[in-house]
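Chemist: The structure is given below, and queries will be raised subsequently.
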Amino acid sequence: MVCGGFTCSKNCLCALNLLYTLVSLLLIGIAAWGIGFGLISSFRVVGVVIAVGIFLFLIALVGLIGAVKHHQVLLFFYMIILLLVFIVQFSVSCACLALNKDQQRQLLEVGWNNTKSAREDIERNLNCCGFRNFNSSETCSAACVKDNDCSTCASIIEEYSGMVLRFVGGIGLFFSFTEILGVWLTYRYRNQKDSRANPSAFL
């Protein structure tokens, strides 16, 4: 059977959702690993990563069940949710790639001021204190405080922020195109009949 028939569409959709399942488990595993090894102490950050992983896992599960059973209702909701996720993810990915240096600095400073626990993780892991300046009266989790020889975190973070944003934007764009592929496959698969089944049975 040529790739374009019922069986090929079903297999492609199942493979795509297995990929999403692996990615979701990887996200949850990375969050658990970060907590377990003490790299991340911010439960807000870990909670967001785990929530994204669980959400992706549930979407993949709905897609898998819908594909295996050729369930029209599940496939419809899967297609709509995947389309919404594509719009959001594509927009965020383009924003990551379009940010200039000034916008990156402003974004980093806002994030630094609003996340105290993540700030402590950054100071400890990058061995720096403060964002753009540091007062000795302030607390700092970095080991360099003992020697009183700490650089500011902004200089270290900004060195890699552009590369990280490009990486995140690129990965986001890649997965956004797999999502629009999933929408197209689901739309086509919903309107196909299984030649091995009863021709009159089309739910």
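Chemist: Please find, among LEU75, LEU82, LEU58, the residue that is in contact with a helix residue (DSSP H, G or I) (Cβ under 8 Å, 6 or more places away or on another chain) and either under 27 Å from GLY170 (Cα atoms) or open to solvent by 50 Å² or more (accessible area, probe 1.4 Å) (or both).
Modeler: LEU82
Chemist: Between residues in the stretch 17-34 that are more than 17 Å from ILE81 (Cα to Cα) and residues that are outside any helix (DSSP H, G or I), which pairs lie under 7 Å by C-beta distance while being six or more apart or on different chains?
Modeler: Hits for this filter: GLY34/ILE40.
Chemist: Within the stretch 108-124, which residues are in a helix (DSSP H, G or I) and surrounded by 15 or more Cβ atoms within 10 Å (Cβ to Cβ)?
Modeler: Listed by number, the residues that qualify are LEU108, TRP112, ALA118, ARG119, GLU120, ASP121, ILE122, GLU123, ARG124.
Chemist: Right, here's the next one. Which of the residues that make up the stretch 125-150 are over 31 Å from the mean Cα position of the chain (by Cα) and either surrounded by 14 or more Cβ atoms within 10 Å (Cβ to Cβ) or part of a helix (DSSP H, G or I) (or both)?
Modeler: PHE134, ALA143, CYS144, VAL145, CYS150, listed by residue number.
Chemist: Still on this model: Which condition number does GLY53 fail, the rest of (1) under 27 Å from GLY162 (Cβ atoms); (2) in contact with a Leu (Cβ under 9 Å, 6 or more places away or on another chain); (3) touching a residue at least 60 places away in the same chain (Cβ under 8 Å); (4) not β-branched (Val, Ile, Thr) being met?
Modeler: Here GLY53 clears every test but (3).
For every residue, the table says whether it meets (1) of a type outside the set (A, V, I, L, M); (2) closer than 22 Å to LEU16 by Cβ; (3) in contact (Cβ under 8 Å) with a residue 60 or more places away in the chain; (4) touching a Cys at 6+ places or on another chain (Cβ under 8 Å).
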site	(1), (2), (3), (4)
CYS144	yes, no, no, yes
TYR160	yes, no, no, no
PHE177	yes, yes, no, no
ARG190	yes, yes, yes, no
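Chemist: Just to be sure I understand, how many residues within the stretch 160-185 are touching a Phe, Trp or Tyr at 6+ places or on another chain (Cβ under 6 Å) and either at pLDDT below 80 or open to solvent by less than 50 Å² (accessible area, probe 1.4 Å) (or both)?
Modeler: Adding up the residues that qualify gives 2.
The values are calculated or read from the model by the stated rules, or taken from the named source; none is laboratory data. Only a predicted model underlies this, so the values are computations on that prediction, with no experimental measurement involved. Please note: Cβ atoms are built from the backbone with ideal geometry, for glycine as well, and neighbour counts cover all protein chains shown. For the accessible areas, the whole protein counts, side chains as well, though only heavy atoms, and no ligand, DNA or RNA atoms are used. Shrake-Rupley method; radii C 1.70, N 1.55, O 1.52, S 1.80 Å.
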